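In what follows, a structure is listed as structure tokens, so that the remarks can point back to it.
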Amino acid sequence: MLEAIIREMQERTGRLVTFRELRSLVPAGKEKFDTAVITLARSGRISLDEHDFPGSLSIPALRVLVHHDGAYFVGASFRR
């Protein structure tokens, strides 16, 4: 899972990759995907982009985002 996410992120270096897009490229359950993303962010491999007003989103829209420690993240970018 981690390698698949990194591979897709590397192919898109230099831009934000939304989690909607990344989930379609790396299919996995929400919990497994979210855990892999947080692991990569903690290791410094990717940078996360936080949603500034998640309260404005519907429940289905929130499910696409990565949720961790009360924050909702919309996407990530690869760190070289």
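The values are calculated or read from the model by the stated rules, or taken from the named source; none is laboratory data. Keep in mind that this is a model prediction, so the values were computed, not measured. Virtual Cβ from ideal backbone geometry, glycine too; neighbours counted across all protein chains shown. All accessible areas refer to the heavy atoms of the entire protein, side chains included, with ligands and DNA or RNA removed. Shrake-Rupley method; radii C 1.70, N 1.55, O 1.52, S 1.80 Å.
The set of residues in the stretch 61-80 being of a type in the set (A, V, I, L, M, F, W, C), touching a residue at least 24 places away in the same chain (Cβ under 8 Å) and in a helix (DSSP H, G or I) consists of VAL64 alone.
Residues that are in contact with a helix residue (DSSP H, G or I) (Cβ under 9 Å, 6 or more places away or on another chain), within 14 Å of PHE78 (Cα to Cα) and assigned to a helix (DSSP H, G or I) within the stretch 8-35 comprise GLU8, MET9, PHE19, LEU22, listed in sequence order.
Taking the stretch 68-80 as the range and being open to solvent by 70 Å² or more (accessible area, probe 1.4 Å) and farther than 16 Å from VAL17 by Cα as the test, only ASP69 passes. A residue that is within 10 Å of the chain's Cα centre (by Cα) and in a helix (DSSP H, G or I) can be found somewhere in the stretch 40-52. Filtering the stretch 1-60 down to residues that are charged (D, E, K, R) and in contact (Cβ under 8 Å) with a residue 40 or more places away in the chain, which residue is most open to solvent (accessible area, probe 1.4 Å)? Filtering the stretch 1-60 for residues that are charged (D, E, K, R) and in contact (Cβ under 8 Å) with a residue 40 or more places away in the chain, the one most open to solvent (accessible area, probe 1.4 Å) comes out as ARG20.
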